[in-house]
């Protein structure tokens, strides 16, 4: 698809220098400060002016809080326990939610593809993190893989937090409609650029623009045309531009809408 020429940058609102600003609403910065800071610099150069670095366990969450402190107003953190790590429990997690750099609980959820943690443990740890999102009035970032029915069941039982994001949304139109009916936001990663991802692309077409976010999930899920390379936040522009063409919109319109949705969902300070 001719949605971006190599070397072009897209970016949310067009600023005084004509740049368009993007938010990568879900990445995993390198935990080494020097390498992580280099990723932030490259993202800023590409027009990605804000990043949410998502914790998958308590230790990683602490590192991302530190990254957010090094880059105030640019990097924000989440604190959560990924279903892969659910077996390690939630000790120390709740205390992190008081840190001002933390804008969400997660990523939390269910992953029945790998089953790195027992499924009953995944369920209980997911439910506990939903409760924390309610208690602390934080957004909830959900990871779900091969577990849609169980994910919906737990959300129904615990109550869907007012600000809920299905990160790296990988379902089709049916799952998209159900998530949207719950009031959630859908975040699309580089998977949507894969030629084989036709169901996901159909889901993206039906997702209202004000309920859509863009992410890299870097260092994973590198978008076309960089498949085979390690992903980075700078490439969220590629995801956004692809979605724009898919929906028949200008990339700047998608950037502006996703910027506003990210600010609203994570309660980011005005920039």
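Of note:
- Antiparallel bridge percentage (DSSP; both residues within the chain; nearest 5): 5
- Per-residue ellipticity at 222 nm from helix content only, as computed over the chain with -39500 (n - 2.57) for each DSSP H run of at least four residues, stands at -12000 deg cm²/dmol.
- The label point for residue 194 and the one for residue 181, both projected 7 Å from the Cα toward the Cβ, are 2.7 nm apart.
- Cα-Cα P(r), the stretch 195-244, percent of pairs per 10 Å interval: 24, 54, 21, 0
- In terms of its Cα atoms, the chain spans 47, 41, 34 Å along the principal axes, sorted from long to short.
- Legend: ranking of residues 247, 87 from fewest to most surrounding C-beta atoms inside 10 Å; resulting order 87, 247.
- Averaging the sequence gap over all C-alpha pairs within less than 8 Å and six or more residues apart, then dividing by the number of residues, gives the stretch 203-271 a relative contact order of 32 percent.
- Entry note, the stretch 22-266: relative contact order of 19 percent, from Cα contacts under 8 Å with a spacing of 6+ residues.
- Tensor-based shape of the stretch 54-127 (alpha-carbon gyration tensor, a/c under 1.5 rounded, otherwise prolate or oblate): prolate
- Rg and Dmax [Cα atoms of the stretch 147-190; Å; Rg one decimal, Dmax integer]: 10.0, 31
Read the figures in this text as sums done on the coordinates, not as results from a lab. Note that this is a predicted model, so its numbers are computed, not measured. Glycine also receives a Cβ, built like all others from the backbone with ideal geometry; neighbour counts cover every protein chain displayed.
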